[in-house]
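The values are calculated or read from the model by the stated rules, or taken from the named source; none is laboratory data. Predicted model, so just to flag it, every value in this text is computed and none were measured. Methodologically, a virtual Cβ is constructed for each residue, glycine included, from the backbone with ideal geometry; neighbour enumeration extends over all protein chains shown. Just the protein is used for accessible areas: all its heavy atoms, side chains included, with ligands, DNA and RNA removed. Shrake-Rupley method; radii C 1.70, N 1.55, O 1.52, S 1.80 Å.
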Amino acid sequence: RYCLTAHLFTAHGESTSVTKKCATGEECHLVGCHHHGDSGHTECVSCCEGMICNVEIPTNASNAVFAVLQARRAAGGCRAAPSLALLLTLVTT
C-alpha cells in the first residue's frame, strides 16, 4: 500500500545500501533516522503513498518521513505510472 525507502550509510556519509519496496502501514512506523552504534552506520527510512513517490533517498530527519496523500484510498501506493496516452488525453481535454 505504501512505498518504503531505507538508506544505510557510514558515519562519513557514504552510502552502503538503498532499498526500495512496497510496504504496509505497520512497516512505515519505522520512519526516521536511527544510528547503529555498534557499526557506526546510520539508517534513514521514509515511506510515502502515491505514484513515483519515493524518488528521493532519505538522508536526514527532515526527509525521513511518512508522507500520506490521502487518509483513505482504495488502491495501493506502489503502482505503475500512467500511460502516455492517458497523460496526453488529460493534457488535451
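Yes or no, residue by residue, for (1) surrounded by fewer than 21 Cβ atoms within 10 Å (Cβ to Cβ); (2) out of contact with any strand residue (DSSP E or B) (no Cβ under 7 Å at 6 or more places or on another chain); (3) not in a strand (DSSP E or B):
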position	(1), (2), (3)
Thr5	no, no, no
Gly13	yes, yes, yes
Thr16	yes, no, no
Lys21	yes, no, no
Cys33	yes, no, no
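Give the residues of region 35-49 that are in a strand (DSSP E or B) and open to solvent by 70 Å² or more (accessible area, probe 1.4 Å), sorted by residue number. So that I can check it myself, show each step before the final result.
First, pick out the residues of region 35-49 that are in a strand (DSSP E or B): 35-36, 41-48.
If the condition is that a residue be in a strand (DSSP E or B) and open to solvent by 70 Å² or more (accessible area, probe 1.4 Å), then His35 is the only one that fits.
Out of Ile57, Ile52, which single residue is modelled with pLDDT of 75 or more, farther than 12 Å from Cys3 by Cβ and surrounded by 11 or more Cβ atoms within 10 Å (Cβ to Cβ)?
Details: Ile52 fails: farther than 12 Å from Cys3 by Cβ.
Of Ile57, Ile52, the one residue that is modelled with pLDDT of 75 or more, farther than 12 Å from Cys3 by Cβ and surrounded by 11 or more Cβ atoms within 10 Å (Cβ to Cβ) is Ile57.
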